[in-house]
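Participant: My questions all concern the structure below.
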Amino acid sequence: MSFLKDLYDGEIRPCEEIPHSDEFKAAQSALSKAAKELDEALTAEQKELFGAYKDRFFDCVHLSYAHAYEMGFLHGAKLINEIPKPDRLPETE
């Protein structure tokens, strides 16, 4: 199967891939700890307000990631055009 077919068929989901570095794991752990502390400190009303804020924040993050992914493809296509034809890899199926 080709990369594009897998991508089209939904077999490849870059937005669901997360880094597996120690740096990311540490940042994720620190975020979880801070979220727990914040949750314990907020009143019920504040939790509801903060929940609404987080929903809008994650909407923005999702749109930003989708745009960055799209731009990555566009930049890749532009990069390919910059490579002189003799230096390109041979075409494959």
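Participant: Given the structure, is Leu7 at pLDDT 95 or above, surrounded by 10 or more Cβ atoms within 10 Å (Cβ to Cβ) and part of a helix (DSSP H, G or I)?
Facilitator: no
Participant: Select, from Ile18, Ile12, the only residue that is within 21 Å of Tyr65 (Cα to Cα) and touching an Asp or Glu at 6+ places or on another chain (Cβ under 8 Å).
Facilitator: Answer to the selection: Ile12.
Participant: If I go through the range 10-59 residue by residue, how many of them are in contact with a helix residue (DSSP H, G or I) (Cβ under 6 Å, 6 or more places away or on another chain) and at pLDDT 95 or above?
Facilitator: Summing the residues that are in contact with a helix residue (DSSP H, G or I) (Cβ under 6 Å, 6 or more places away or on another chain) and at pLDDT 95 or above in the range 10-59 gives 0.
Participant: Looking at the range 24-42, I want the residues that are closer than 15 Å to Tyr53 by Cβ and among the aliphatic types (A, V, I, L, M) and have a partner that is open to solvent by 60 Å² or more (accessible area, probe 1.4 Å) and part of a helix (DSSP H, G or I) with Cβ atoms under 7 Å, at least 6 apart or on another chain. Which pairs are those?
Facilitator: Note: pairs meeting the criteria are Leu42/Phe50.
Participant: So, one more: Please specify each residue of the range 13-41 satisfying the condition of being open to solvent by 90 Å² or more (accessible area, probe 1.4 Å), among the acidic types (Asp, Glu) and in a helix (DSSP H, G or I).
Facilitator: Hits for the range 13-41 are Glu16, Asp22, Glu23, Glu37, Glu40.
Participant: Does Tyr65 meet the test of being touching a Cys at 6+ places or on another chain (Cβ under 8 Å), open to solvent by 90 Å² or more (accessible area, probe 1.4 Å) and assigned to a helix (DSSP H, G or I)?
Facilitator: In short, yes.
The values are calculated or read from the model by the stated rules, or taken from the named source; none is laboratory data. Predicted model only: the values in this text are computed from it and were never measured. Cβ: placed from backbone, ideal geometry, glycine included. Neighbour counts: every protein chain shown. These area figures cover heavy atoms from the full protein model, side chains too; ligands, DNA and RNA do not enter into them. Shrake-Rupley method; radii C 1.70, N 1.55, O 1.52, S 1.80 Å.
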